[in-house]
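The values are calculated or read from the model by the stated rules, or taken from the named source; none is laboratory data. These numbers were taken from a predicted model, which means no experiment stands behind them. Cβ atoms come from the backbone with ideal geometry, glycine included; neighbour counts cover every protein chain shown. With ligands, DNA and RNA removed, areas are computed over all heavy atoms of the protein, side chains included. Shrake-Rupley method; radii C 1.70, N 1.55, O 1.52, S 1.80 Å.
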Amino acid sequence: DMPLAYASMLLQGESGTTVELSVVRVRHPEPAPVKLTRAVFPLPPVQSRVLADNVGYINIDALSPALVKEVAAAVQKLQKDGVQKLVLDVRNCATGSPDDGIALANLFLNKGRITYLVGQKMPRQNFEADPAKAITTLPVAVLTNRGTANAAEVAAAALMDNKRAQVVGERTYGDAAVRRAITMEDGGAIILSVAKYYSPDGKAIQDTGVTPNNVVSDSDAQIDVDDNGEPVPEAAGAEKGQQKKVEDDAVVKKALELLAKG
């Protein structure tokens, strides 16, 4: 097994260049060679809509500085439309740096610590909410699952520990760190986490993930595979809210209940 962080580093490179991989598929243990051409691909846009009872729903499948701005624009539009509460769906949101997670959290926090970063040889760095960057005081619920990683985890931990949001769903993946590739004498390399991001309450996100204060199983996270080991689209839950009504989702239902209780 190759660690995900190492695979990610190996795949990075200039657009247009190629990389060769050997892939082992489910039920086909023999490695199959695959040649990939690197390319810049667009990240999925932020989607938002108004649900019943003046609840604004924002679906975030990836994070970047531009996408954090899209979230801010969506929140501001929903507030103009008269929503009274917000649901942020970051299930299966695994793209984005911790900085993007800090920026996302700050939209909802006008005070408090968002996260801190510390390593054995890296002095502690605290990230505090900037009141000037906060854009809403509406009640918030954040939806997570085991596909929620990195930026989205940083934001979820910050909002939960500051008691700014109810976090609903499953424990997150556990990946928010500064990494370095260390080359070995034999030409190999190892990936080291030289510093970790921590929740405001002091838990290393990489070690523990973020456990919601409202745990609900997310059946959408189950990815079924066919005989060739390929995901079955109907079961992949890739298009949240499009395969089935958003309100019929068990995690959304729980979030709406909690928001209704205040």
Carbon plus sulfur, as percent of the 1.4 Å-probe accessible area of the chain, comes to 52
Could you tell me which label, among [x] 238; [y] 144; [z] 164, carries the value of volume of the Cα convex hull per residue in Å³ calculated for this structure? [y]
Whole-Hz Karplus ³J(HN,Hα) for the range 43-53, in order, using 6.51 cos²θ - 1.76 cosθ + 1.60 and θ = phi - 60°, x for Gly and Pro? 7, x, x, 6, 10, 9, 7, 9, 9, 4, 6
Can you give me the distance in nm between label points at S8 and N214, each placed 7 Å from the Cα along the Cα-to-Cβ direction? 2.9
Just want to confirm a number: the relative contact order over the chain, from Cα pairs under 8 angstrom separated by 6+ residues, in percent. 15
Positive dipole terminus of the range 92-211, leading residue within I102, A165, L143 (C-beta point charges): A165
Rolling a 1.4 angstrom probe over the protein heavy atoms, how many square angstrom per residue are accessible across the chain? 55
List, in the order given, every pair from K203/K261; K80/K245; K80/K196 whose Cα-Cα distance in the structure shown is over 30 Å. K80/K196
Could you bin all the Cα-Cα distances of the range 1-107 into 10 Å bins starting at 0 and give me the percent of pairs in each, rounded to whole numbers? 12, 32, 26, 17, 11, 1
Towards the positive end of the charge dipole of the chain, with charges on Cβ (+1 Lys, Arg; -1 Asp, Glu), say which of G174, V23, P65 has the farthest Cα. P65
If you plug each phi of the range 168-176 into the Karplus form 6.51 cos²θ - 1.76 cosθ + 1.60 with θ = phi - 60°, what whole-Hz ³J(HN,Hα) values come out, in order, with x for Gly and Pro? 10, x, 10, 4, 7, 5, x, 7, 8
Out of the trypsin sites (Lys or Arg not before Pro) in the range 117-165, which ones are loop residues according to DSSP with at most 15 other C-beta atoms within 10 Å? K121, K163
About the Cα centre of the range 131-200, what is the dipole size in debye to 20, counting +1 per Lys and Arg Cβ and -1 per Asp and Glu Cβ, all else neutral? 340
